[in-house]
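Step one of this worksheet: look at the structure below.
The values are calculated or read from the model by the stated rules, or taken from the named source; none is laboratory data. Given the structure is predicted, the values throughout are model-derived calculations rather than measurements. In this analysis, Cβ positions are derived from the backbone assuming ideal geometry, glycine residues included, and neighbour counts consider all displayed protein chains. The area values use the complete protein model at the heavy-atom level, side chains included, leaving out ligands, DNA and RNA. Shrake-Rupley method; radii C 1.70, N 1.55, O 1.52, S 1.80 Å.
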Amino acid sequence: MSPQDLTLVIPTHNRRSALLHAVESVLTQQPAVAEVIVVCDHCDDGSSEALRALYHPTLRVVERQTGRPGASAARNAGVAAATTPWVMFLDDDDGLHPGAVQAVIGVLEQTPDADWFWGERCWVAEAGEPIKVERFDDCRIDPTQSSEPEHCSAAQAATSAGFGIRRSVLLDMGGFDESLHVSEDRDLVYRLLRGGHAGQRVGHCLVDHHVHRGKRLSDPDDTALLNACEQRVIDKNRDYLSQHPDVLAMHLHRVASKQRHGGDMAAARNTVRQILEVKPLDWKAWRRRLTW
């Protein structure tokens, strides 16, 4: 794999200032990727015009003005427009960490059988200082041979920002599920693991995840919609999740936290009960059941 085999796809919706910082973090990478595709999803804040004013030869803008707005559909549009064997995703309010492309190329050159990859993230405060940095070693995930902790690591850490995949594999799988408003990235990872696709964890920070008060790309206000999407992810991948109860429990804990944060305590308590059905001795679930 070479840098010219990789396209960065950035979906965006009306966040011009943050978007320009995200794009700059990609365009300043050494070595440079083949192309950077920004999908302006129903944007009306001048994002497209600001990008075109950069006049950068590897930067392409895809306008998406039809259909329902959504991160999955925007990412799929970027993948459709890409021409390279590999695509990597970045959210419009995050940044590609310095040296990320070089780290990805270096690791994937040593693991030519990998179909997808992810890496470490650095959480960055609004003022710019680092809050937390993930620390992982390089690790290959073989769905047929890897241990339960390795499956949990892949399912937990593989989010859309900083996630990369062979374009042909993603197209064969039908892309991101556009019916999902949340957890579309985890759904994709579950499908990859269920399908036996080997993955590679890159032991290098790939993404600067900016913590802010605004909404994320996949952040619906409708709690009923959130709950329905999370249940759909579980139902779609029940065969895989039933074989990996630790992964399912981890997913449900994450859902319960989001439900509690959104004020839907009845749904959060019900999710905790589901965890105890899967793992009756889960101490975290028991603590939540007693305190929530």
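Report the normalised scattering of segment 1-127 as log10 I(q)/I(0) at q = 0.09, 0.19 Å⁻¹, calculated by the Debye formula with identical scatterers on the alpha carbons.
-0.24, -1.07
For V39, what residues show an amide H to amide H distance below 5 Å, using hydrogens built from the backbone and excluding near sequence neighbours?
Under 5 Å from the amide H of V39: I10, T12, V62.
Suppose R0 equals 30 Å. What FRET efficiency, 1/(1 + (r/R0)^6) with r the Cβ-Cβ distance, do T223 and H56 give to the nearest 0.05?
0.15
Return the FRET efficiency for the residue pair S257, R289: r is the Cβ-Cβ distance, R0 is 22 Å, and the value is rounded to the nearest 0.05.
0.95
Please give the per residue accessible area of the chain, computed with a probe of 1.4 Å over protein heavy atoms only, in Å².
Here the residues of the chain average 45 Å² of exposed surface.
Work out how much length M265 to L281 would gain on full extension: take 0.36 nm times their residue separation and subtract the Cα-Cα distance, in nm to one decimal. Mind dumping the intermediate values first?
Working: separation 16, 0.36 × 16 = 5.76 nm, distance 2.19 nm.
Length gained, M265 through L281: 3.6 nm.
Answer rounded, prolate or oblate for segment 111-206, using the Cα gyration tensor with square roots of eigenvalues a ≥ b ≥ c: rounded when a/c is under 1.5, else prolate when a/b is larger than b/c, else oblate.
oblate
Taking 7 Å along the Cα-to-C-beta vector as the label spot, tell me the E24-D142 distance in nanometres, rounded to one decimal.
Using points 7 Å along Cα→Cβ, the separation is 4.5 nm.
How many angstrom lie between the Cα centre of segment 1-19 and the Cα centre of segment 46-86?
Here the answer is 8 Å between Cα centres.
Using the Cα gyration tensor of segment 135-275, with a ≥ b ≥ c the square roots of its eigenvalues, what is the shape: rounded (a/c below 1.5), prolate (a/b larger than b/c) or oblate (neither)?
The shape class here is prolate.
Based on the mean of other beta carbon atoms within 10 Å per residue, what is the order of 185-197, 53-65, 225-237, 70-82, most packed first?
My ranking of the peptides, most packed first, is 70-82, 185-197, 225-237, 53-65.
What FRET efficiency comes out for Q4 versus S179 if R0 is 22 angstrom and r is the Cβ-Cβ distance? Round to the nearest 0.05.
Details: r = 34 Å, r/R0 = 1.55.
Efficiency for this residue pair is about 0.05.
Roughly speaking, what is the centre-to-centre gap between segment 243-287 and segment 192-207 when only Cα atoms are used, to the nearest Å?
25 Å
For the chain, what number results from the quotient of the Cα radius of gyration and 2.2 N^0.38 Å?
Scaled against compact globular proteins, the figure is 0.99.
Show me the trypsin sites (Lys or Arg not before Pro) within segment 123-172 that DSSP assigns to loop and that have at most 15 other Cβ atoms within 10 Å of their Cβ. List each step's numbers first, then the result.
Numbers: sites: K132, R135, R140, R166, R167; in loops: R135.
Hits after loop and neighbour filter: R135.
Can you give the log10 of the normalised intensity I(q)/I(0) at q = 0.13, 0.21, 0.23, 0.24 Å⁻¹, computed with Debye over equal Cα scatterers of segment 195-292?
Debye output, listed in q order: -0.58, -1.15, -1.20, -1.22.
Rounded to the nearest 500, what is the chain's calculated 222 nm mean residue ellipticity when only DSSP H runs of at least 4 contribute -39500 (n - 2.57) each, over all residues? Provide the component values of the computation, followed by the final result.
Details: 12 runs with 127 residues, N = 292.
My calculation for the chain gives -13000 deg cm²/dmol from helical runs alone.
Leaving out same-chain residues fewer than 8 places away, which aspartates and glutamates sit with a Cα under 14 Å from that of K258?
The qualifying aspartates and glutamates are D219, D221, D222, E230.
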